[in-house]
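Data block below; observations after.
The values are calculated or read from the model by the stated rules, or taken from the named source; none is laboratory data. Predicted, not measured: the structure shown is a model, and the values here were computed from it. We place every Cβ from the backbone using ideal geometry, glycine too, and count neighbours over all the protein chains shown.
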Amino acid sequence: FDMKRNSTKICSRCISRDRKRAPNEPYFFSAANNLDFGEVPINLPDLTMVQEMLIAGIHVHVKVLQVRGAQYKYRGHVVHFLRNVGRLFEELPALPEEV
């Protein structure tokens, strides 16, 4: 899964999104926009997608496909509801039924 990140580890999509922002808007992935992921701990190794899902506190699943003409579409039904679904795991690994 190549996100095409530059030398500052920012993907090309995020860069193009921030180019289009208004001067008074915060950067998309920023603390001002409540989307700052913070620094990745240096002692955390490069993880596989499965390993990331096992230690993640929140799980989001949407299947996005690229179709002819470089357009994107969602597969299946995707509905977004505003809910407090955050849950903190105190112990790892989480049980399969909790993931």
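For the reader, a short list of remarks on this structure follows.
- Checking residue 35 against (1) under 17 Å from the mean Cα position of the chain (by Cα); (2) at pLDDT 80 or above; (3) not acidic (Asp, Glu), the condition it does not meet: (2)
- Residue list for region 20-38, filter: assigned to a loop (DSSP other than H, G, I, E, B) and of a type in the set (A, V, I, L, M): 22, 35
- Between 53, 49, the distinction of being at pLDDT below 75, surrounded by 10 or more Cβ atoms within 10 Å (Cβ to Cβ) and within 30 Å of residue 96 (Cα to Cα) belongs to 53 only.
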